[in-house]
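Student: Here it is, the structure, as structure tokens.
The values are calculated or read from the model by the stated rules, or taken from the named source; none is laboratory data. Keep in mind that what you see is a predicted model, and the values were worked out from it rather than measured. With ideal geometry, Cβ positions are generated from the backbone for all residues, glycine too; neighbour counts draw on all protein chains shown.
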Amino acid sequence: MRQFLWYLIFALSLFIGYQGYVNAQNFRETQGEARNAVCKALNQTPEACELAGNAEPNGHSTGVTGRTYQFQTKGGSYLAECKREYTFFGAWSCTARSGSLM
């Protein structure tokens, strides 16, 4: 029983480490959703948004639990924070607010 517990702890540690690594990668899958969140914060539809459809963020920060992108708009700098539905798995969702990474 004791050996099983150690294997379980080891497997859980590997899972958390790998999922944290995947979450910390700067994938383009969340950049589009981050852009749409900024458009929503500006009260603009994604089709009529001042940010182009392929707009690149001015800066980004990644971590084990999420990603943050900074976009520069005419109204100032906006941050889009993206997190998974459940900490290590699930769909990504982004929210935006006025602010800067610095």
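Student: Can you tell me which residue in region 34-45 is surrounded by the most Cβ atoms within 10 Å (Cβ to Cβ), limited to those that are part of a helix (DSSP H, G or I) and over 9 Å from the mean Cα position of the chain (by Cα)?
Tutor: Taking region 34-45 as the starting set, the residues that turn out to be part of a helix (DSSP H, G or I) are 34-41.
Filter again for over 9 Å from the mean Cα position of the chain (by Cα), leaving 35-41.
On the way: ARG35: 25, ASN36: 19, ALA37: 24, VAL38: 30, CYS39: 23, LYS40: 16, ALA41: 19.
Only one residue tops the list, namely VAL38.
Student: Given LEU51, LEU101, which one is aliphatic (A, V, I, L, M), in contact with a Cys (Cβ under 9 Å, 6 or more places away or on another chain) and more than 12 Å from ASN23 (Cα to Cα)?
Tutor: On the way: LEU101 fails: in contact with a Cys (Cβ under 9 Å, 6 or more places away or on another chain).
Selected residue: LEU51, the only one of LEU51, LEU101 that is aliphatic (A, V, I, L, M), in contact with a Cys (Cβ under 9 Å, 6 or more places away or on another chain) and more than 12 Å from ASN23 (Cα to Cα).
Student: Next up: What residue, of ALA48, ALA55, is at pLDDT below 90, surrounded by 10 or more Cβ atoms within 10 Å (Cβ to Cβ) and not in a helix (DSSP H, G or I)?
Tutor: Result of the check over ALA48, ALA55: ALA55.
Student: Additional query: From the list THR45, THR62, which one is touching a helix residue (DSSP H, G or I) at 6+ places or on another chain (Cβ under 8 Å) and free of Cβ contacts under 8 Å to residues at least 12 places away in the same chain?
Tutor: After ruling out the rest, the residue left standing is THR45.
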